[in-house]
Amino acid sequence: MSDCLFCRIVRGEIPSAKVAESASCLAFRDIAPKAPTHVLVIPKAHFDSVLAVEDGPVVGDMVMLAQEVARAEGIAEGGFRLVINTGADGGQTVGHLHLHVLGGRGLKWPPG
Ligand code: 5GP
Ligand code: ZN
């Protein structure tokens, strides 16, 4: 998936505002933030979506890095939302698995 947008970000071919990193995952700011804090956590390895994940550790790693991001961004105490949009109806627009970390304001429920 050499032409995948987020794979290119992992390789540093496209710039991103990095927030945090672990051995398996990268966290960077969303280019079009939907909340005061809007960070994307992605596995460095390519998965088309959450449906392509065959075992738990990669998703666990993503959640652990999201937890670190939430604390570092100061939104852990007030609350935040983790979202994985999947497929057309789920609103997925980039075909590399990513976890949205959204916070810094009251978020409405249900989502649109
Ligand atoms: P999705 O809609 O697939 O759940 O989320 C994709 C997200 O990637 C969107 O929120 C969009 O703003 C963000 N995005 C798209 N292209 C880029 C980019 O080149 N850099 C960054 N940092 N975010 C991007
Ligand atoms: Zn990719």
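Tabulated data for the structure shown
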item: Selection within region 1-31 - assigned to a loop (DSSP other than H, G, I, E, B), away from ligand 2 (no atom under 15 Å from the Cβ) and buried (at least 16 other Cβ atoms within 10 Å of the Cβ); result: Asp30
item: Test for Gly78: is it more than 16 Å from ligand 2 (Cβ to nearest atom) and more than 13 Å from the chain's Cα centre (by Cα); result: yes
item: Failed criterion for Cys7 (all others in (1) under 15 Å from Val101 (Cβ atoms); (2) in contact (Cβ under 8 Å) with a residue 24 or more places away in the chain; (3) of a type outside the set (D, E, K, R) hold); result: (1)
item: Residue list for region 30-46, restricted to those being under 9 Å from the mean Cα position of the chain (by Cα) and more than 17 Å from Gly78 (Cβ to Cβ); result: Asp30, Leu40, Val41, Ile42, Pro43
item: Close pairs (6 angstrom Cβ cut-off, 6 or more residues apart or separate chains): under 15 Å from Glu21 (Cβ atoms) in region 55-78, assigned to a helix (DSSP H, G or I) anywhere; result: none
item: Single match in Val39, Val101, Val94 (criterion: touching a residue at least 60 places away in the same chain (Cβ under 8 Å) and assigned to a loop (DSSP other than H, G, I, E, B)); result: Val94
item: Number of positions in region 58-112 that are among the acidic types (Asp, Glu) and either crowded, with 16+ Cβ neighbours inside 10 Å or modelled with pLDDT under 95 (or both); result: 3
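The values are calculated or read from the model by the stated rules, or taken from the named source; none is laboratory data. Model, not experiment: these values are computed from the prediction. Positions of Cβ are backbone-derived with ideal geometry, glycine not excepted, and every protein chain shown enters the neighbour counts.
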